[in-house]
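Worksheet for the structure shown next.
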Amino acid sequence: MHPVLALALLATAGLLATRLPRLALPPHPSLHLDVAIVAGAPLVLVGLLLGPGIELVSRPLLRALAPVIALAIGCIGAVLGARCEWRVLRRIPRGAWALAAVSASAVFLVVALSAWLLARWIPLLGVAWAPRLPTVLGLAAVAAVSAPRTVTRLARAAGIRRTVARALARAAALETACGALAMTVPLVLSRPHPAAGNPAFAWLAWSVLVGAGGALVSLVFLALTRVLPAPEHLGLELLGTLLFGAGIGYATGLSPFVVCALAAAAIVNASPRRRQVQALLAAWEQPGYALLLILVGALLTLPTLWILVAVPLLAALRAGARWASVRYAREPLKLGALPPHAGLATVAQGGAAVALGINYFLMLGSWPGNSSIVAAEGAGSPAGTAGVVLTTMVLGVAVAQLAAPPLLGLVLRPTPAPLTPAPASPEFTTNAPAD
């Protein structure tokens, strides 16, 4: 099938899948069902039908659509970068920054160590999660990511005050930024950039190139808005800029997610049209996310049932690490106003986690010029192992979405007041009757 026709079918399927649940749902769906639909479960099912079901979305077709996939990943990254407005960031207390870093670091370390041990103890997982070090670090980076919009939706559905919901969404956004930065490490390890002659300087060279790419993309946008200042041209200028940034990230082996995120962060801080840019990116996020979810469904693979055992275990450890880090770090960081179980409020995941997972697959399994994605996917082929890792990441996101509502209920549970000893009564009182 021609890639353009296949892309049109994917877009049509995504639009239909986002409309049908609204017609089929009861007037007041349960919170679990609402979260599943918002997270894109119908779109993943559409991808399963189009991919393994009728085999419409094949590996050669995905290779032909790789630039479009990179653009969708770049849109999700740009939405995250557009939140990094300096005048807003400087109002965030230092304790909130430190708490988000502690929470994301704790989740990253716990999940990475647990995945490493599982890969060593279970040989089938060791074969599926290859190469081992980039895989466990990639799983840990995605586990550190949260979902600000999903957290906000859950908080409002649970009746949490708007100010508290905004604080939880801010914490989720900070943790997502930490997870996106952590994802750079497995990408460098899995495919060091050719510009780094010495592997010891691979990450430094990769970071410099990504930063230069983001700066170049933002300068292109600013130049376009000066040449064509009319407001009606802003959408086309922004789309062309994101396409340029995603193309740089894909063609040079860098991350489209990180390049577009850095470019969007520079744009919203330097452009006088930051509000229009943020509104356009928010409007484009849902179509890009829909396309990625359909592709995720088409790429799902399950070579061993041990993945179904590992995913809930890693999800439980992730939730425990997030709870413990906030529970015991809020007092030293002078954030005692937070509830003791506030770490469980940011367990939910969403578009950023899925985009980072597909970014990992795109960089490892379909490197530009690498024909492994069209080859037969053996147990050790790059495309095959990247597909298994992507499946593990997506299943982890699904488990986090299902666990988020009950865990949020634990956050709202009132903390019992500490018991105080009753005052001791005197042994003898005036005019007291004798026993």
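The values are calculated or read from the model by the stated rules, or taken from the named source; none is laboratory data. Source: prediction; values computed, not measured. Here the Cβ is made from the backbone with ideal geometry for all residues, glycine too, and neighbour counts use every protein chain on show.
Taken as a whole, the condition of being among the acidic types (Asp, Glu) and free of Cβ contacts under 8 Å to residues at least 12 places away in the same chain does not apply to Glu237.
Residue-level analysis places Ala246 outside the set of residues that are more than 15 Å from Leu362 (Cα to Cα) and within 19 Å of the chain's Cα centre (by Cα).
For (1) free of Cβ contacts under 8 Å to residues at least 12 places away in the same chain; (2) in contact with a helix residue (DSSP H, G or I) (Cβ under 8 Å, 6 or more places away or on another chain), each residue gets a yes or a no:
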position	(1), (2)
Ala251	no, no
Leu254	no, yes
Val259	no, yes
Leu262	no, yes
Val277	no, yes
Leu292	no, yes
Ala298	no, yes
Val309	yes, no
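Hey, any hits in segment 134-155 for a residue that's over 25 Å from Tyr289 (Cα atoms) and either touching a residue at least 40 places away in the same chain (Cβ under 8 Å) or touching a Leu at 6+ places or on another chain (Cβ under 6 Å) (or both)? No, because not a single residue in segment 134-155 is over 25 Å from Tyr289 (Cα atoms) and either touching a residue at least 40 places away in the same chain (Cβ under 8 Å) or touching a Leu at 6+ places or on another chain (Cβ under 6 Å) (or both).
All conditions but one from (1) small (Gly, Ala, Ser); (2) farther than 28 Å from Ala141 by Cβ; (3) within 26 Å of the chain's Cα centre (by Cα) apply to Gly211; the one that does not is (2).
Whether any residue in segment 307-324 is among the aliphatic types (A, V, I, L, M) and in contact with a His (Cβ under 9 Å, 6 or more places away or on another chain) is what I want to check. No - not one qualifying residue is present in segment 307-324. Residue count for segment 227-259 satisfying the condition of being farther than 21 Å from Pro287 by Cα and polar (S, T, N, Q): 1. Val57 falls short on exactly one of the conditions (1) surrounded by fewer than 19 Cβ atoms within 10 Å (Cβ to Cβ); (2) among the hydrophobic types (A, V, I, L, M, F, W, C); (3) modelled with pLDDT under 75; (4) in a loop (DSSP other than H, G, I, E, B), and that condition is (1). The residues of segment 117-133 that are part of a helix (DSSP H, G or I) and either touching a Phe, Trp or Tyr at 6+ places or on another chain (Cβ under 9 Å) or touching a residue at least 40 places away in the same chain (Cβ under 8 Å) (or both), listed by number, are Leu118, Ala119, Leu124, Leu125, Val127, Ala128, Arg132, Leu133. Does Arg149 satisfy the condition of being of a type in the set (Lys, Arg), within 27 Å of Asn269 (Cβ to Cβ), under 20 Å from the mean Cα position of the chain (by Cα) and modelled with pLDDT under 90? Considered against the rule, which asks whether it is of a type in the set (Lys, Arg), within 27 Å of Asn269 (Cβ to Cβ), under 20 Å from the mean Cα position of the chain (by Cα) and modelled with pLDDT under 90, Arg149 comes out as yes.
The set of residues from segment 241-272 being aliphatic (A, V, I, L, M) and not in a helix (DSSP H, G or I) comprises just one member, Leu254.
Per the listing Leu238, Leu314, Leu292, the residue uniquely over 21 Å from the mean Cα position of the chain (by Cα) and either surrounded by 19 or more Cβ atoms within 10 Å (Cβ to Cβ) or in a loop (DSSP other than H, G, I, E, B) (or both) is Leu238.
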